[in-house]
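Take a look at the structure below.
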Amino acid sequence: MFPYFKKKKVVAFLVVTCIVPLSFNLYTRMSARTERQDVVHTLQRLEGPPAFQISDSRTHTYLLRERSSLKKSSATQEELRANTTIYDKRIPQEEDSDDVIQTTVSDQHNPTVVPSIDGLKTVGNDSVNWCPDRPPFLEGPLADMVKDITPAELEQLYPNLEKGGRLRPKICTPRQRLALIMPYRNRYPHLHIMLNNIIPILKRQQADVTFFVIEQALPGTFNRGALLNIGFLEAEKTASFDCYIFHDVDMIPLNDYNFYRCGDNPRHFAVAMNKFGFKMFYKSYFGAVVGFTKQQYLDVNGCSNIYFGWGGEDDDLLSRSLHKNYSVVRYDPKTARYDMIKHKRDQGNEENVLRKALHGDAIRRQDKEGLNTIKYKVNNIRMGQLYTWINVSLNMTEILQTAPEATLKIMANEMRKRKEKLKLQQQQGNNTIPH
């Protein structure tokens, strides 16, 4: 019956019976009849989304203009050559997230060699006092600092941070301006522990960086991919950035030779982390900390917005990058290593049981859904000393309305199969929820 559903009916079906709970435990506790009536009423008032709708006058035309006017040589460096690996240009099959696969990156690290940044843009003339490729005060491997710290204590430790959370050296001019974007919900202690670790690293790297916290308001299921898109667009309103680094708040870098810079290809920073024995989570892992130039993020059309809950948006972003003929750069695992702060899965960020089905459709919808279709509401912007904090609301129904109809049908069919499987298991006396 699903192939004959109209798009709005499919969206209503997904929101009410499938996506909202994101687990059948929650599904069984819902009053489906009431929710269905509310959602259908909402959809009846929708006339369909424009090609691009966000909280102000940013339009799809803007993105097209940016794509055509920016050249890849602008704001990028020569390919990161030292201690890196290039991920081959092919769309990977999704790995089992339970498998930990040894990284193929070389485990050799030469601390005397640092990535060249000769290809970066220059401003002004040759008389500019550029910061050196190799900053003079690097320390190499580091111990993490996991003690709780308050924002007030951080402000006292780092008084040179400028309003809005900008950190930059006074003695030289960095060749890139960075936006470090952190998707966020209910991780207040982790956020400030991470900042206490990363700020001194970026100071020694002589980086020009502005910190952005993108908080998704309650209620609703967490959507990391949408928050990355929002962070990119909102940061663009404040300044012209060369490099966008999307950084989970629970990731602590453990080596200051892991340079926070962008190059000619997207960068995966979090190659090795303690949770997985300092090995790659799986071969095609592209999560936790990644970096794109402005042009690269526009080219791939940002992240998909339809991954509600945990998992899938990072694999989708890798597929988008490879499909646009980019490679992925990684440092060796002795350099690109992180401690992940221990935590439990957050409420409202349950496992996304549709992630594999959505990833299978990633390339087909890439140009139709992503940065150019994100819809959100900005509730509040606070520019403090440590960061620019942006609180936003997401409407699941409105976001799903932006997905291609074929994608919605894939989602509906997948949920129908899962419900049938669950029903069969219950009949057999097995109440295990399928994964």
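The values are calculated or read from the model by the stated rules, or taken from the named source; none is laboratory data. Keep in mind that what you see is a predicted model, and the values were worked out from it rather than measured. Glycine gets a Cβ as well: all are built from the backbone with ideal geometry, and neighbour counts include every protein chain shown.
When you check MET383 against the structure, is it touching a helix residue (DSSP H, G or I) at 6+ places or on another chain (Cβ under 9 Å) and closer than 21 Å to LEU180 by Cα, yes or no? Yes, satisfied.
Taking the conditions (1) modelled with pLDDT of 95 or more; (2) out of contact with any strand residue (DSSP E or B) (no Cβ under 8 Å at 6 or more places or on another chain) in turn, ARG261 satisfies each one other than (2). Could you go through segment 198-206 and let me know if any residue there is modelled with pLDDT under 95, out of contact with any Ser or Thr (no Cβ under 8 Å at 6 or more places or on another chain) and surrounded by fewer than 20 Cβ atoms within 10 Å (Cβ to Cβ). No; the residues of segment 198-206 include none that is modelled with pLDDT under 95, out of contact with any Ser or Thr (no Cβ under 8 Å at 6 or more places or on another chain) and surrounded by fewer than 20 Cβ atoms within 10 Å (Cβ to Cβ).
Inspect segment 278-296 for any residue being more than 30 Å from MET145 (Cβ to Cβ), touching a Lys or Arg at 6+ places or on another chain (Cβ under 6 Å) and either modelled with pLDDT of 95 or more or among the hydroxyl-bearing types (Ser, Thr, Tyr) (or both) and give the result as yes or no. Full working, then the answer.
Of the residues in segment 278-296, the ones more than 30 Å from MET145 (Cβ to Cβ) are 283-284, 293-296.
So of that shortlist, the ones also touching a Lys or Arg at 6+ places or on another chain (Cβ under 6 Å) come out as 295.
Subset that is either modelled with pLDDT of 95 or more or among the hydroxyl-bearing types (Ser, Thr, Tyr) (or both): 295.
Looking through segment 278-296, at least one residue is more than 30 Å from MET145 (Cβ to Cβ), touching a Lys or Arg at 6+ places or on another chain (Cβ under 6 Å) and either modelled with pLDDT of 95 or more or among the hydroxyl-bearing types (Ser, Thr, Tyr) (or both).
No other residue among MET396, MET411 is in contact (Cβ under 8 Å) with a residue 40 or more places away in the chain and either in the same structural domain as ILE230 (by TED's automatic domain parsing) or more than 26 Å from SER284 (Cβ to Cβ) (or both) apart from MET396. Out of (1) outside any loop (DSSP other than H, G, I, E, B); (2) surrounded by 12 or more Cβ atoms within 10 Å (Cβ to Cβ), the odd one out for ILE149 is which? ILE149 satisfies all of (1) outside any loop (DSSP other than H, G, I, E, B); (2) surrounded by 12 or more Cβ atoms within 10 Å (Cβ to Cβ) except (1). Whether a residue is modelled with pLDDT of 90 or more and part of a loop (DSSP other than H, G, I, E, B) was assessed, and GLU398 does not pass this test. Would you mind telling me which numbered condition in (1) farther than 21 Å from ILE399 by Cβ; (2) under 16 Å from the mean Cα position of the chain (by Cα); (3) surrounded by 24 or more Cβ atoms within 10 Å (Cβ to Cβ) PHE259 fails? For PHE259, the failing item is (2). Can you pull out every residue in segment 353-375 that is more than 16 Å from the chain's Cα centre (by Cα) and closer than 16 Å to PHE222 by Cβ? Of everything in segment 353-375, those that are more than 16 Å from the chain's Cα centre (by Cα) and closer than 16 Å to PHE222 by Cβ turn out to be VAL353, LEU354, LEU358.
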